[in-house]
Structure formats: C-alpha cells, structure tokens
Amino acid sequence: MNQRSDRTSNNDLDWKIYCLLLAAVMLILLSLLAPFLLTRSAASDGFDFSKTGPIGDTISGLMNPFIAMSGVIVTGLAFYIQYKANKQQREFFEKEQKSNKILLQDQIYNQNRQNQIQQFESQFYEMLKLHRENITEMKINGYDFEEVDNGLKRREKDTEGRKLFVVMEGVSQTVSIV
C-alpha cells in the first residue's frame, strides 16, 4: 500500500513538475515575444516605447521580468527535485541498512552456533581421550585358581586395560548365576 501511495505521489509530482517547466518555457517564449508585442503601435496607442529612450533599455526592461520569473521557477524546481532525490536516497540507505543488519545478525547467530558445536566436539573428544587414558591406567590385582593333581592352586593374576571389562563381565555373570 505504501508503494502505491508513493507511485501516486510521484505521478502527481511529475505532473506538477511538467506544468512548472511548461510555465517556465512559456515565460521564456513570452520574454522573446514581449518586445514585439509591447512595442507595436497598435497595441499601445498611448505609449510609444521607441520615443522614451534607447530601444534596448525598453526591450530588456520588458524581457527581464519574464526571464527572471522563469529562472526562479526552474531554480525552485531544481531545489525541489534535489530534495526529493535526497529523500529517496535516504530511504534506500535505510532499507539497505536494515537488510545489512538482518544479514549481520544471521551471520553472528550462525557463527555462535558453529562455535557451540565446535566447543561441544572439543569437549567430547577431550572426555573420550580422558576415558581411554583411564581405561589404560586401570589395573586389578587378583588371583585365579588352577587345577593341579592334588587340588586347586591359587595363582596371582593382573588384569589391565580393556581386558578388565571382559573379566568383570565374566565375574558378574558368575555372581548372577550363584
């Protein structure tokens, strides 16, 4: 809806600008025709401008107001068009600034997300490394029985590292059976 009203105001503005430019052109043309129209004897029976002084002063005196008016109109139009262009430039800049802000926020969010993932992975692998070190450092001093001719013989046995879990699994099954 805002774009539609902008288009309507731009169309109104264009129409007004064209009318003012047409008026300025008409005043310039009138300034060119003014000496001819105003110095004719039929147009002004009471005044004979050729007798009042040099003809150049008369012509310039007749043309100057029209040229000045057209200059004022064109200068005013130039200021107004510059004002509208500056306003439009400011609106474009604000829109671009908003879109850049959104893009920057998205980039910051994605970067923070990547940092969180990277931090989690780093912690996970560090914990995995510590777990492996703990397993390799684990050691159980125990004993095992061996059958010999006259009975059972107790033998010292050390279990280290991953083998420990296999031994513990066997013990837990033996305990659960009993």
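The values are calculated or read from the model by the stated rules, or taken from the named source; none is laboratory data. As the structure is a computational prediction, the values presented were derived from the model and not from experiment. Neighbour counts run over all protein chains shown; Cβ positions are idealised from the backbone, glycine included.
Just checking, does segment 72-95 include any residue being assigned by TED's automatic domain parsing to the domain that holds M26, over 35 Å from the mean Cα position of the chain (by Cα) and touching a residue at least 12 places away in the same chain (Cβ under 8 Å)?
Yes - at least one qualifying residue is present in segment 72-95.
Identify, from the list K101, K157, K163, the residue that is touching a strand residue (DSSP E or B) at 6+ places or on another chain (Cβ under 8 Å) and surrounded by 10 or more Cβ atoms within 10 Å (Cβ to Cβ).
Answer to the selection: K157.
May I ask you to say which residue of S99, S60, S50 is at pLDDT 90 or above, in the same structural domain as W15 (by TED's automatic domain parsing) and farther than 21 Å from K16 by Cα?
S99
Filter segment 125-146 for residues that are of a type in the set (D, E, K, R), more than 12 Å from V167 (Cβ to Cβ) and more than 56 Å from the chain's Cα centre (by Cα) and give the result.
E137, E146
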